[in-house]
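Single-structure report; data block below.
Each reported figure results from applying straightforward, stated rules to the coordinates on display, with no laboratory input. What you see is a predicted model, and the numbers here were worked out from it, not measured in a lab.
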């Protein structure tokens, strides 16, 4: 795979992104409320993602054109998946469609994962039914609108001849 992630529509080539790390955390306005009978309930007002991307490479990262206050699209290189007993699985609208990062489907049987035929309509992946399957899996790569919350940090390691870089962004 020559390009793993895309930042603001621009592919970051592997020469810039050896050892790519995508660290994400769910952020949001939420709290837990315990009822008089002891039942615990989640009170969630909103939820978004905070992402820290870091890598090193043979050349600079090329991110100098990103503005701290401007939103951009981040196309992730790490896959996400959803397991289901049903062959109809809703996947996020914010996902990549460029090969090889387009959605994939799998059957699981006997602890073995096998590629499965599927179709997608209105964000519902319908995997062709297989009687012997234990579960179905929908795999996708996310694509989110982000805002840079910290300027990119960079380090030049002259002894290793590597540029190291990182940035943190939050979902808009």
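Figure the gain on full extension for residue 79 and residue 41 (residue separation times 0.36 nm, minus the Cα-Cα span) and round it to one decimal in nm.
Values: separation 38, 0.36 × 38 = 13.68 nm, distance 3.03 nm.
Contour length minus the Cα-Cα distance gives 10.6 nm.
What percent do you get for the relative contact order of segment 101-172 when only Cα pairs under 8 Å and 6+ apart count?
Worked out over segment 101-172, it gives 27 percent.
Can you give me the Rg/Rh ratio for the chain, using Cα atoms for both radii and the Kirkwood formula for Rh?
1.06
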